[in-house]
Amino acid sequence: MSHGILSQILDYANRANPYPLYEELRKTPVFHDGTGPYVISTYYDIQSLLHDPRLSSDSRNLAATAGDPLAEGGDEEATALPPSFLKLDPPEHDRLRRMTNRPFGPPHSPRRVDGMRGGLKDIVTGLIDNLGDTEGIDLVDQFAYPFPVTMICQLLGVPREDEARFHVWADTLAASLDPDPESDPAERQRKTHDSRMELGMYLAGLIEERRKDPGDDMLSQLAVGHGPDESMSTMELLSTAALLLIAGHETTVNLITNGMLTLLRNPDVLQQLRREPGLAVPLVEELLRFEPPVQLLPQRTPLVDIEVRGITIPKGSSMWLILASGNRDPDRFENPDRFDPHRKDVQHLGLGSGIHSCFGAPLARLEAQLALSELARRLENPRLLEDPPPYRQNAVLRGPRHLRIACDGIRP
């Protein structure tokens, strides 16, 4: 195996199709080139490590990040926010995640996500109605990008009139997740820092208002917090709200865009979805396997020396779990490179697994199901104008930066 396979995975030239590289990687299930991270690429290994309490998600436990091209710069430190629960271990992780889940899902708020169905449908309808010139639609800028931000604003209870400002912050923070060889790093860092600060100040103001006068939105319920865990500190609340915004935005954009790209490459499936909107449910699961929005988890480290397939991974080492590779592991999935929405058994790793499995999964699934079934139903004879499309720089949150399509018209 070439010494540079990790740099090949990170190399933009391979963004449109990293899957042959993952296949190469699976030949060495625990890959370590002596200096970089330990890379795990097969389904069962990843699955078991995601459930292994000896693995930490807290970067403070990393002994060394030398040689790890994805080691994080301290973005939270810049704004003095505590780490979000995504980057914490039990018991802190469990307390914050449990508190965030009270207003989001069962048992305390069993109808939260289902109750958003009508609002979601309205947003999707409005965006499709306004696509304009059918000869040149950019599905990212005109549809997949604005959709989840509008949704998260509604979830958190951001007033309608402030949504535009929220979009600007989300754009800047999303851009900061992508490497950008063209830009001036200092200038970029300043913009990102300013956006974080402005978003933080805005949310802090909103939290104060909600504490005085709570509504039935998620931010209100987190701000007044009733339950065995007491309530979150304002700082914890800010971290959590920022996490929901950023994590809930980027990934959903990629899921919808990858979904439409996959459908346009599989026109028979697109026709079928148009006829049977219910197909959207298994189709989104297969999509999460076939083109997962989060390709790999680079932020894991063992708390003690652990052994994987006879190889000892020392405590504090950097580990990458390549979810997208596990999802195409032929030892787990038959014909893994085939997109098949009728696949009988799709226990994919697209939303992770274990204690950090995707918090927003129920909402992400619903957003993607509605978006894809409505696009399939309403776009007449849609076709790709560019294949492969231009991708975002990011190798971890992988998805098209633009998806240019044309269609003959838009059905009512």
Total formal charge among the other residues, if their Cβ is under 12 angstrom from that of Asn14, Lys/Arg +1 and Asp/Glu -1 = 0
Among Asp194, Asp340, Asp133, which one moves the most in a GNM of the chain with springs linking Cα atoms closer than 10 Å?
-> Asp133
Over all directions, average the projected area of the Cα convex hull of segment 140-284 and note it in nm².
-> 11.7
Relative contact order of segment 153-284, defined on C-alpha pairs under 8 angstrom at six or more residues apart (%) | 22
For segment 33-178, what's the relative contact order in percent, using C-alpha pairs closer than 8 Å and at least 6 residues apart?
-> 12
Which residue, Gly34, Gly354, Gly248, has the most motion in a Gaussian network model of the chain that connects Cα atoms within less than 10 Å?
-> Gly34
Over the chain, what relative contact order in percent results from Cα pairs under 8 Å that are six or more residues apart?
-> 26
For the chain, with a Gaussian network of springs between Cα atoms less than 10 Å apart, report the residue from Arg289, Arg383, Arg338 with the top mean-square fluctuation.
-> Arg338
Charge dipole (segment 99-197, unit charges on Cβ, about Cα centre) - positive-most of His167, Pro107, Leu120 = Pro107
What value, in deg cm²/dmol to 500, does the helix sum -39500 (n - 2.57) over DSSP H runs of n ≥ 4 give at 222 nm once divided by the residues of the chain?
-> -14000 deg cm²/dmol
Trypsin sites (Lys or Arg not before Pro) restricted to DSSP loop in segment 1-59 with at most 16 other C-beta within 10 Å | Lys27, Arg54
With label points built 7 Å along Cα→Cβ from the Cα atoms of Lys212 and Gln8, find their separation and express it in nm.
-> 6.1
Across 5 Å bins from 0, what is the distribution of all Cα-Cα pair distances for segment 341-402, in whole percents?
-> 4, 11, 12, 20, 25, 17, 8, 2, 0
Taking Lys and Arg as +1 and Asp and Glu as -1, residues besides Gly316 with C-beta under 11 Å from its C-beta add up to +1
Tell me, what are the semi-axes, in whole angstrom and largest first, of the equivalent ellipsoid of segment 167-236 as set by the roots of 5 times the Cα gyration tensor eigenvalues?
-> 32, 12, 10
Asp129 - accessible surface, heavy atoms, 1.4 Å probe, Å² rounded to 10 = 90
Virtual paramagnetic centre 7 Å along Cα→Cβ of Ser231, amide N under 19 Å, in segment 149-186 | 156-159
Which semi-axes, in whole Å and largest first, does the equivalent ellipsoid of segment 55-198 have when worked out from the alpha carbon gyration tensor as the square roots of 5 times its eigenvalues?
-> 31, 25, 14
Find the all-direction average of the projected area of the Cα convex hull for segment 278-360, expressing the result in square nanometres with one decimal place.
-> 6.5
With a/c under 1.5 counting as rounded, go ahead and sort segment 25-64 into rounded, prolate or oblate using the C-alpha gyration tensor (a ≥ b ≥ c being the square roots of the eigenvalues; past the cut-off, prolate if a/b is larger than b/c, else oblate).
-> oblate
Using θ = phi - 60° and the Karplus relation 6.51 cos²θ - 1.76 cosθ + 1.60, list the HN-Hα couplings for segment 27-39 in order, rounded to whole Hz, with x at every Gly or Pro.
-> 5, 10, x, 10, 9, 8, 9, x, 10, x, x, 8, 10
With charges only on Cβ, +1 for K and R and -1 for D and E, what is the dipole size of segment 294-368 about its Cα centre, in debye, rounded to 20?
-> 100
Any idea what diffusion coefficient segment 272-412 gets from Stokes-Einstein, in µm²/s, Kirkwood Rh on alpha carbon pairs, 4 °C, 1.567 mPa s?
-> 74
To the nearest 20 debye, the chain has a Cα-centred charge dipole, built from +1 on Lys and Arg Cβ and -1 on Asp and Glu Cβ, of 860
Return the Rg/Rh value of segment 1-54, two decimal places, where both radii are evaluated on C-alpha atoms and Rh is the Kirkwood radius.
-> 1.00
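The values are calculated or read from the model by the stated rules, or taken from the named source; none is laboratory data. None of these values were measured; they are calculated from a predicted model. Reconstructed Cβ throughout: ideal geometry from the backbone, glycine too, with neighbour counts over all protein chains shown. Protein only, heavy atoms only, side chains kept; ligands, DNA and RNA dropped before computing areas. Shrake-Rupley method; radii C 1.70, N 1.55, O 1.52, S 1.80 Å.
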